[in-house]
Structures are given as structure tokens and as C-alpha cells.
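J.: Structure below; questions to follow.
Here, each number is a calculation from the coordinates, and none is a lab measurement. Since we're looking at a predicted model, the values are computed, not measured. Note that each Cβ is placed from the backbone with ideal geometry, even for glycine, and that neighbours are counted across all protein chains shown.
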């Protein structure tokens, strides 16, 4: 029900963080082998990875940071007992349901472990939760999403390929899974980002999630070797790392009957999209504006810059004597360390692409003696994220970028359409005019769900027809229209 949204375990600009439940003692983890797809099902065959398991249980395993979710409305996970050797390795074709279950669990835990090695031991999920609930196959839908609602969960689904009639599982792609884990990890580091109405802050959430998927691909020896074979280490050429969620994109294109994603993938990182003032970008792409400010579109600008940085560091590693596969893996870790370092020093609330780029320069100067200064600066200027004359920020610059405040505005005028009259509270560095501009942009993109007074709204209603979570939703309080954040991201 829409009236119960504020009772969900989420936060908005008027609420404090939910209280943290005491952590329970877990048994000593034991390394167990799991089925694992480090890339995408149409790119390579699954491999296996060792994952710490704290409880095999009677019916299904549990790891230090992941447990299978349960819902009275959705099917419970299949019974998953270990094989005779004590491992959870299943055939993806003949034991599909078990494979999807253990693959998603392994990928979530492995991604969390790898990212903890980047962020440090203090990394947690939102609200300091030790474990996140996993729904490996929650039903039929072309989607996957993270939500902090109901204690925090990662949700994956299945659909049917319209041509082959085979089932496609979003939990069969390591890239899709790691992407959603990336959302959860960033939410733990910067919980206010997911509650922002700002196009850059929303876009960065998606860019960070895609960068997490890219990082995890680079940490797989099998994937690095495949990419090296495909492009010789020159990541400017087409290769499996440059394209994200290939099977997902192919199924979407088959369903639509046309190439809506631009290729045999959901997104590619090889492009030349550049930042523009979001208020000047139309709701539909045109020759001058190839992407919209919808967060998945807009994210590609920053992800493209991050991929370019990976490309240049890889090329430098090869010049310094590394073989291509080794160079890619090392560059993947170094580029992710820079991005994670930027997150740890970024504004707590609204953060622009420019802010994040400057924080990357700051981290590199303080931790790498500026080794990647030119690589970061040149690629960010190329994308219009930074401008000529920008450089490593001073302490005063860092203080200025963290000066956002909570403001409350009332939408008034024909430009807001059916949302005119709504009251909205949000954070903004530049006051009410900036927040109003952000809201105009979201309304233009169809990113806010309108509801009528007393309208019953389910969690499924919080996604648009393309499977993207709405950023905001209308809620009626004592007959007054307000707009609040949904606390969900896909």
C-alpha cells in the first residue's frame, strides 16, 4: 500500500537512519566450491570459485554476508544440498534452478569479498547489516534490482527468449549480479545517494554498479585471458569487457523486434558520450543528445570515462612489460581503487560527476603520488566532466563540495503537470532552484510515479514498463500531495 511506504526500512530526507539490529554470532567460515559465472552466459562457460560458508544448513547454504530470502508471496529457493564432495557445483543446463541459486550466492559473496579488499574491512551494507537477503529467481520479469526495503535484498528474475523459447535468468550473468551488488555496496557507503533527485548522483549510482561489474570481470583470470585474445590488450577494440550483460540485451532486442540497446548487449562502455547540462537534454534522444538523463542512460557518461581510464592504465602496464591478460587484471584493480577512494572522500549527499572526478584526482595524489593524474584528468576532460584548468582539489575545494542542505519546495506551475502542488523535500547544494530543476528533469523523464489519493500501490508498481525503478512516488498525507523517494534501484 502506498500509505505504508514510510514504514518500510528506508530513509528519506526527513528521517534518520533505521536502528541496527545486533549482529549474531556465526560459525567459523569454511571454504566451499561453488558454481560461478564471472562474465555472461553467452560469453563463456561457467567456472567455479571457493566461497566461505558459515552454515550449510539442512536445505541450503549461507555465507558470511548472504542468505537466501524468504517470501510468503514468492516461491522459496529450491532445496540445495551439497554434492558428495561437500561442494555446490551444478550443471547450468541440467540442474538449472540449483545452478542459478548457488551461482547468484557465490557471485554476491565473491563480489562483496573483492570489493571489501578495495574499500577495507569497514565496508558494510546499508544500515550496517551483516547479511543481505538474496532472491535468486523471484519470478517472471525482465529485471534485477536492489532495494533497502524490508531489510535489504538483491532480486533476480527469469523470462522467456521469444525466439528460442528458452528461459533467461538475470541471475545467470555475473555482470548483472555484480552490478546489483555494486548498488548495495555504494548504498552502504553513501546511503543518501539513492535518495537524491539529482541526475548526476543518480547516474553515478548506476555507473558505480556497472564499474563494479567491470571490475569483477577483470579479476577473473578466464575473462582477462578471453579479452586479451579478442583485442590483444587494446581495450579500445571490441572485447567482452567492453560490453555488459550480453544475454540480457539480446533478449530485450528479440522481444522488441529491433536493436534498441545498440548491439548484442545491454550497454557498452565503448562510446564517446559527453556530459551536458541535464536541463538542456530532451526526454527522447536526438542527433545532438544521443542519451537521455534517465539514470541508466546518463550513467554511461561516467562509466565510459572509467572504462577509458582502465584502457589507458592497461596500455601503460603492457608498455611496462606485463602480458595483456595480466595488464588488464592489474589495471582493473588499480582503476577500481581510485573510484572507491573517490567514494570514500565524496560528498555525503548530492555528488556531481565533476565532484567524483575531482575526488578521484585527490585520491590518486594522496595514495599513488599522482601516478594516474594525467590519465584521470585527460579522460574526464574528454567527457566534459572536467574542464581545462581543473586540477587536483584543495582542502577548501573539498569542503565546498560537501555543503549541501535540506530544502523543501512546492511544485507550482504548468511545467509540473499533474505533479503541480506537490511538496518535496530533498538535499541540494544550490538551494531550492536547483532542487526544482532536478524535479522538472525527473518529471520530463517519467521517473516519478503519480498516484491518486487512497490508491493501493504494490512494490511491483514502483517499476516502469521498461523495468526501471521509479526515483520518486506520489504519496498523499492528510489530503496533501508529496513526493518521496522509493528506496529502490535496478
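J.: Quote to one decimal, in nm, the extra length available between residue 287 and residue 384 on full extension: 0.36 nm per residue of separation minus the C-alpha distance between them.
T.: Values: separation 97, 0.36 × 97 = 34.92 nm, distance 1.77 nm.
Stretched out fully, the residue 287 to residue 384 stretch lengthens by 33.2 nm.
J.: Below 8 Å, C-alpha to C-alpha, sequence gap of six or more: please give me the relative contact order for the range 194-400 in percent.
T.: Working: 280 pairs, mean separation 48.5, N = 207.
Across the range 194-400, relative contact order equals 23 percent.
J.: Quick one: P(r) of the range 405-489 from all Cα-Cα pairs, 10 Å bins, percents rounded to integers, in order of increasing distance.
T.: That works out to 18, 51, 29, 2, in percent per bin.
J.: Next up: Taking a point 7 angstrom from the Cα of residue 458 along the C-beta vector, which residues in the range 50-71 have backbone N less than 18 Å away?
T.: Those under the cut-off are 70-71.
J.: Once label points are set 7 Å from the Cα along Cα→Cβ at both residue 430 and residue 344, what is their separation, rounded to one decimal in nm?
T.: Placing both labels 7 Å beyond Cα along the Cβ direction yields 3.1 nm.
J.: Kindly provide the pair-distance distribution of the range 200-316 built from C-alpha pairs, with 10 Å bins from 0 and whole-percent values in order of increasing distance.
T.: Going out from 0 Å in 10 Å bins, the range 200-316 shows 13, 42, 34, 10, 0 percent.
J.: Please arrange 298, 275 by counting, for each residue, the other beta carbons lying within 10 Å of its beta carbon, fewest first.
T.: Values: 298 26, 275 20.
If I rank by nearby Cβ atoms, fewest first, I get 275, 298.
J.: Let me ask something else. Given the chain, what percent of its DSSP beta bridges are antiparallel, to the nearest 5?
T.: On the way: 32 of 44 bridges.
Around 75 percent antiparallel, to the nearest 5.
J.: Hey, quick one: spin label on residue 117, modelled 7 Å out along Cα-Cβ, who in the range 315-338 has an amide N within reach, i.e. under 14 Å?
T.: Within reach of a label on residue 117, which here means backbone N under 14 Å from a point 7 Å along Cα→Cβ, the range 315-338 contributes 329-337.
J.: Right, next: As an exercise, take the mean of 1/r over every pair of distinct alpha carbons in the range 38-189, invert it, and state the Kirkwood radius in angstroms.
T.: For the range 38-189, inverting the mean 1/r across all distinct Cα pairs yields 15.7 Å.
J.: Within the range 261-279, which residues have the backbone N less than 18 Å from the label spot 7 Å out from residue 163 along Cα→beta-carbon, could you tell me?
T.: What the label zone holds, given the 18 Å backbone N cut-off, is 261-267.
J.: Sorted from fewest to most neighbouring beta carbons within 10 Å, what does the list 60, 270 look like?
T.: Lowest to highest Cβ neighbour count: 270, 60.
J.: Quick one: Cα convex hull volume of the range 194-400, Å³ per residue?
T.: Working: hull volume 26.5 nm³, N = 207.
Convex hull volume per residue, Cα atoms: 128 Å³.
J.: Just for the range 38-189, what percent of DSSP beta bridges are antiparallel, to the closest 5? Let's see the in-between values first.
T.: Working: 8 of 15 bridges.
Percentage antiparallel, nearest 5: 55.
J.: Hey, rough spin-label estimate for residue 374 and residue 50, points 7 angstrom out along Cα→Cβ, what's it come to in nanometres?
T.: 4.2 nm
J.: Give the calculated FRET efficiency between residue 323 and residue 366 to the nearest 0.05, with a Förster radius of 30 Å applied to their Cβ-Cβ distance. Mind dumping the intermediate values first?
T.: Values: r = 30 Å, r/R0 = 1.01.
So the FRET efficiency works out to roughly 0.50.
J.: I would also like to ask the following. Over all alpha-carbon pairs in the chain, figure out the percentage whose distance exceeds 37 Å. Don't skip to the end; give the middle numbers.
T.: Values: 29673 of 119805 pairs.
When every Cα pair of the chain is considered, 25 percent fall beyond 37 Å.
J.: Give me the distance between the Cα centres of the range 162-212 and the range 237-315, rounded to whole Å.
T.: Each part's Cα centre sits 14 Å from the other's.
J.: Let me ask something additional. Modelled label-to-label distance, residue 280 and residue 255, 7 Å Cα→beta-carbon offset: nm?
T.: Inter-label distance under the simple model: 3.5 nm.
J.: Quick one: what does P(r) look like for the range 325-397 with 10 Å bins over all Cα pairs, in whole %?
T.: In whole percents, the pair-distance histogram is 20, 54, 23, 3, 0.
J.: Quick check on the exposure proxy: order 284, 329 from fewest to most C-beta atoms within 10 angstrom. Spell out each step's value before the answer.
T.: Details: 284 8, 329 23.
Least crowded to most crowded, the residues run 284, 329.
J.: Next question, about the same structure. So, in Å, what gap is there between the alpha-carbon centers of the range 370-410 and the range 74-117?
T.: The distance from the Cα centre of the range 370-410 to that of the range 74-117 comes to 41 Å.
J.: Okay, next question. Give the relative contact order (percent, whole number) for the chain; include only Cα pairs under 8 Å separated by 6+ residues.
T.: Working: 944 pairs, mean separation 68.6, N = 490.
Reported as a whole number, the value is 14 percent.
J.: Out of the DSSP beta bridges found with both residues in the range 405-489, what percent are antiparallel (nearest 5)?
T.: Working: 13 of 17 bridges.
Within the range 405-489, antiparallel bridges account for around 75 percent of the total.
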